[in-house]
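The values are calculated or read from the model by the stated rules, or taken from the named source; none is laboratory data. In this text the structure is predicted, and so the values were computed from the model without any measurement. Cβ coordinates were reconstructed from backbone atoms using ideal geometry, including for glycine residues, and neighbour counts include every protein chain displayed. Remember, those area values only see protein heavy atoms, side chains included, never the ligands or the DNA or RNA. Shrake-Rupley method; radii C 1.70, N 1.55, O 1.52, S 1.80 Å.
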Amino acid sequence: MSSRLSGIGMTSERTRTRMIERLRQQGIGDEGVLGVMQSVPRHIFVDEALASRAYEDSALPIGHGQTISQPFVVARMAELLRQGAELQRGAGKVLEVGTGCGYQAAVLARLFAEVYSVERIGELQARARKAARELRLLNLRFKHADGMLGLPEAAPFHGITVAAAGVQVPPALLEQLAVGGRLVMPVGGTEQALRIIDRGADGALHEQTLDAVRFVPLLAGTG
Ligand code: SAH
């Protein structure tokens, strides 16, 4: 086991339990999500200098002007995704756009059968890949690409989640959403809200707008 996984082991176990208690108080009720977030060591996804703050309920810098999402937001998006029709039925192919440090991807990989995560900044993607290897997440695949185009080679997806805010939902992502699939994504500019889009059995799209959120912007191309 690497030093990062064993080093602050006990402390992180306890602080992680406190993080889960806080998520419960904030209204996360999905025991599957809470159980997985109890098991994934969040501190290995941030710089060692920030590791002691990894379980605070805040976004933290990960370099390149990007952040690791707040635990509440990761939990909320995973919970909403799990309520999608096909994912509830046990189908489990999920796309995440915006890997960042890879924390949410790791959480998703422990919740769903097959997870693909796309990141436009190569160095972040490489770091996420390393952390996923440490955790032996064999059902998680990474790609350095513009996630606004989705991932046609692995489509369609039963779930799609985007960790960066767009002014609209990229059309390619809607095309790659399976029947019975659910997309969860922040939409907006200075004011953003979580948007849910479900593809019904008839193929039609059904939209809902939920919580106000704050994400980094979704950008085109690779960096
Ligand atoms: N999922 C992360 C949060 C990532 S922050 C977590 O677990 O904490 C959002 C990420 O989206 C950034 O790393 C940013 O580079 C990436 N991003 C922005 N636009 C993108 C695009 N078009 N394709 C892929 N990644 C994108």
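Decide, for the stretch 86-165, between rounded, prolate and oblate: order the square roots of the alpha carbon gyration tensor eigenvalues as a ≥ b ≥ c, take rounded if a/c falls under 1.5, and otherwise choose prolate if a/b is larger than b/c, else oblate.
oblate
Might you report the magnitude of the Cβ-based charge dipole of the chain about its Cα centre, with Lys and Arg at +1 and Asp and Glu at -1, to the nearest 20 debye?
Rounded to the nearest 20 debye, it is 620 debye.
For R141, enumerate residues with amide H under 5 Å from its amide H, sequence gap 5+ or separate chain, H modeled in the peptide plane.
Placed amide hydrogens put V115, Y116, S117 under 5 Å from R141.
Express the C-alpha Rg of the stretch 59-213 as a ratio against the empirical globular expectation 2.2 N^0.38 Å, rounded to two decimals.
Computed over Cα atoms of the stretch 59-213, the ratio equals 0.95.
Summarise the accessible area of the chain (1.4 Å probe, protein heavy atoms) by the percent that is carbon and sulfur.
52
Once Lys and Arg get +1 and Asp and Glu get -1 on their Cβ, which of V162, A145, G92 lies farthest toward the positive end of the dipole of the stretch 68-203?
G92
Over the alpha carbons of the stretch 1-114, what is the largest minus smallest coordinate on each principal axis, giving the biggest first in Å?
41, 30, 28
Hey, can you find the accessible area per residue of the chain for me, probe 1.4 Å, expressed in square angstrom?
On a per-residue basis, 45 Å².
If you plug each phi of the stretch 141-150 into the Karplus form 6.51 cos²θ - 1.76 cosθ + 1.60 with θ = phi - 60°, what whole-Hz ³J(HN,Hα) values come out, in order, with x for Gly and Pro?
Values, residue by residue: 10, 10, 9, 8, 6, 7, x, 5, 8, x Hz.
Can you show me the helix-derived [θ] at 222 nm for the chain, built from DSSP H runs with n ≥ 4 at -39,500 (n - 2.57) apiece and divided by the number of residues, rounded to the nearest 500.
Here the helix-only value at 222 nm equals -9500 deg cm²/dmol.
Would you check the accessible area of M148, probe 1.4 Å, heavy atoms only, in square angstrom rounded to 10?
60
What is the stretch 139-223 by shape, rounded, prolate or oblate, if you read a ≥ b ≥ c off the alpha carbon gyration tensor as root eigenvalues and call it rounded for a/c under 1.5, prolate for a/b larger than b/c, and oblate otherwise?
oblate
Could you give each residue of the stretch 100-115 its phi-based ³J(HN,Hα) in whole Hz, using Karplus coefficients 6.51, -1.76, 1.60 with θ = phi - 60°, and x for Gly or Pro?
3J(HN,Hα) across the stretch 100-115, in whole Hz: x, 7, x, 5, 4, 4, 5, 4, 5, 5, 8, 9, 10, 5, 9, 10.
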